Amino acid sequence: MKKIKVYTKTGDTGTTSLISGKRVPKHHLRIKAYGTIDELNCWFGIIRSSRISEKIQNELITIQKKLMIIGTQLSNDSKKSLNFKFEKITIKDVSNLESMIDIMTDSLPDLKNFIIPGGNEIISNTHLTRCVCRRAERCITELNEYSKIDSVIIFYINRLSDYLFTLSRKLSYDLKIEEVKWIS
């Protein structure tokens, strides 16, 4: 079997290919959108690398796989049928996130104040991941103004930031680290 080289040299001019084969600048809004999803996926990997329960580990790997699907969807600028099929994010995926949020929320004290991010490294990394998720959402919604994006992607990413906020609270609770409340 022939090995595939990591480098192609086709990006040396500052352009890259979308799934359709169309070449665009590396700073193109579509590239920023799926590039931020890639960054988000890496942050999930950092959280997953921490000492957390197997249940949360499994949730995170499932989410990482969904982020790979979203990245693929965002890299497709073509309305035409492609030579291959790829999975798409579904409303059931959004519902699954909502269920995970609800389960965590049921075990937490009521939220009555804004929370100042921090507490320890894993909690802080979860908040950073939430911020990257919000940036991804901004990139995707901006792209949506110019090139229609499947609305389920927007739903999923919006809900994902809620999941991350709730996860940060759950980790604080499980680790017995007091949340610092912000009161104005």
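Within the option set Thr90, Thr62, being at pLDDT 95 or above, of a type in the set (Ser, Thr, Tyr), closer than 24 Å to Ile122 by Cβ and surrounded by fewer than 16 Cβ atoms within 10 Å (Cβ to Cβ) holds for one residue only, Thr62.
Can Asn144 be described as without any contact (Cβ under 8 Å) to a residue 24 or more places away in the chain, part of a helix (DSSP H, G or I) and surrounded by 15 or more Cβ atoms within 10 Å (Cβ to Cβ)?
Values: without any contact (Cβ under 8 Å) to a residue 24 or more places away in the chain: yes; part of a helix (DSSP H, G or I): yes; surrounded by 15 or more Cβ atoms within 10 Å (Cβ to Cβ): yes.
Spelling it out, Asn144 is indeed without any contact (Cβ under 8 Å) to a residue 24 or more places away in the chain, part of a helix (DSSP H, G or I) and surrounded by 15 or more Cβ atoms within 10 Å (Cβ to Cβ).
Restricting attention to the stretch 65-87, the residues that are of a type in the set (A, V, I, L, M, F, W, C) and at pLDDT below 90 add up to 3. If you go through the stretch 7-46 and keep only what is assigned to a helix (DSSP H, G or I), of a type in the set (A, V, I, L, M, F, W, C) and more than 30 Å from Glu121 (Cβ to Cβ), you end up with Leu29, Ile31. Filtering the stretch 18-41 to residues that are at pLDDT 80 or above and polar (S, T, N, Q) leaves Thr36, Asn41.
Let's see how each residue does on (1) assigned to a helix (DSSP H, G or I); (2) at negative phi:
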position	(1), (2)
Asn58	yes, yes
Thr72	yes, yes
Ser78	no, yes
Leu97	yes, yes
Met100	yes, yes
Leu111	no, yes
Gly119	no, no
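Do we find a residue being within 13 Å of the chain's Cα centre (by Cα) and either touching a residue at least 12 places away in the same chain (Cβ under 8 Å) or on the phi > 0 side of the Ramachandran plot (or both) anywhere in the stretch 10-33? Yes: the stretch 10-33 contains one or more residues that are within 13 Å of the chain's Cα centre (by Cα) and either touching a residue at least 12 places away in the same chain (Cβ under 8 Å) or on the phi > 0 side of the Ramachandran plot (or both). So which residues in the stretch 167-183 are surrounded by fewer than 16 Cβ atoms within 10 Å (Cβ to Cβ), touching a residue at least 60 places away in the same chain (Cβ under 8 Å) and assigned to a loop (DSSP other than H, G, I, E, B)? The answer is Ile183, and nothing else. Just a yes or no: is a residue in the stretch 148-166 more than 17 Å from the chain's Cα centre (by Cα), within 30 Å of Leu74 (Cα to Cα) and surrounded by fewer than 19 Cβ atoms within 10 Å (Cβ to Cβ)? Within the stretch 148-166 (the criterion being more than 17 Å from the chain's Cα centre (by Cα), within 30 Å of Leu74 (Cα to Cα) and surrounded by fewer than 19 Cβ atoms within 10 Å (Cβ to Cβ)), the answer is yes, since at least one residue qualifies.
Against the criterion of being of a type in the set (Ser, Thr, Tyr), in a helix (DSSP H, G or I) and within 15 Å of the chain's Cα centre (by Cα), Thr105 does not qualify.
The values are calculated or read from the model by the stated rules, or taken from the named source; none is laboratory data. On a predicted model such as this, the values are computed, not experimentally measured, just so you know. Cβ: placed from backbone, ideal geometry, glycine included. Neighbour counts: every protein chain shown.
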